[in-house]
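Data first, discussion second: the structure below is written as structure tokens.
All of the numbers you see were taken from the coordinates with simple rules; none came from a lab. Computed from a predicted structure; not experimentally measured. Cβ: placed from backbone, ideal geometry, glycine included. Neighbour counts: every protein chain shown.
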Amino acid sequence: MEFLAENIKCNGCVKNITEALEKVEGVSDISVDIASGKVDFQYAGTQDRKFFAKLLSDLGYPEKGTKNKFSIFGRW
């Protein structure tokens with residue numbers, strides 16, 4: 001599964017995303033690229049794309065092109 005996410009700025013962001021995805025059974029091969037905002041992973045389970053989009057958004061990394069964005073001052 002691949003997402004282009006907003007707000008990925010540092011290795012701390014990478015760690016937050018990776019740790020959250022690792023908690024979902026069936027997720028493997030997680031890759032997060034700071035420069036592009038690309039979150040890529042393999043998933044062998046029953047959750048759909050919306051589940052992972054919400055998970056990322058709830059962490060503060062909404063999918064690019066959505067209206068759910070965060071700033072350092074809170075939600076826009």
- Message: Can you sort 34, 17 from fewest to most other Cβ atoms within 10 Å of each residue's own Cβ?
- Response: 34, 17
- Using DSSP loop states and a limit of at most 10 other Cβ atoms within 10 Å to flag trypsin sites (Lys or Arg not before Pro), what is the longest stretch of the chain containing no flagged site? 24-66
- the chain: relative contact order as a whole-number percent, Cα under 8 Å and 6+ apart: 34 percent
- Which part of segment 8-29 falls in the paramagnetic zone of residue 40, meaning amide N under 13 Å from the point 7 Å along Cα-to-beta-carbon? 29
- Note on the structure: Hits in segment 1-39: amide N under 16 Å from the 7 Å Cα→Cβ extension of residue 66, namely 1-8, 17-18, 20-21, 37-39
- Query: Per-residue HN-Hα couplings for segment 4-20, Karplus 6.51 cos²θ - 1.76 cosθ + 1.60 at θ = phi - 60°, whole Hz, x for Gly and Pro?
  - Reply: 10, 10, 7, 6, 7, 10, 7, 5, x, 5, 4, 5, 4, 5, 4, 5, 5
- Query: Seen from all sides and averaged, what is the projected area of the convex hull of the Cα atoms in the chain, in nm²?
  - Reply: 4.7 nm²
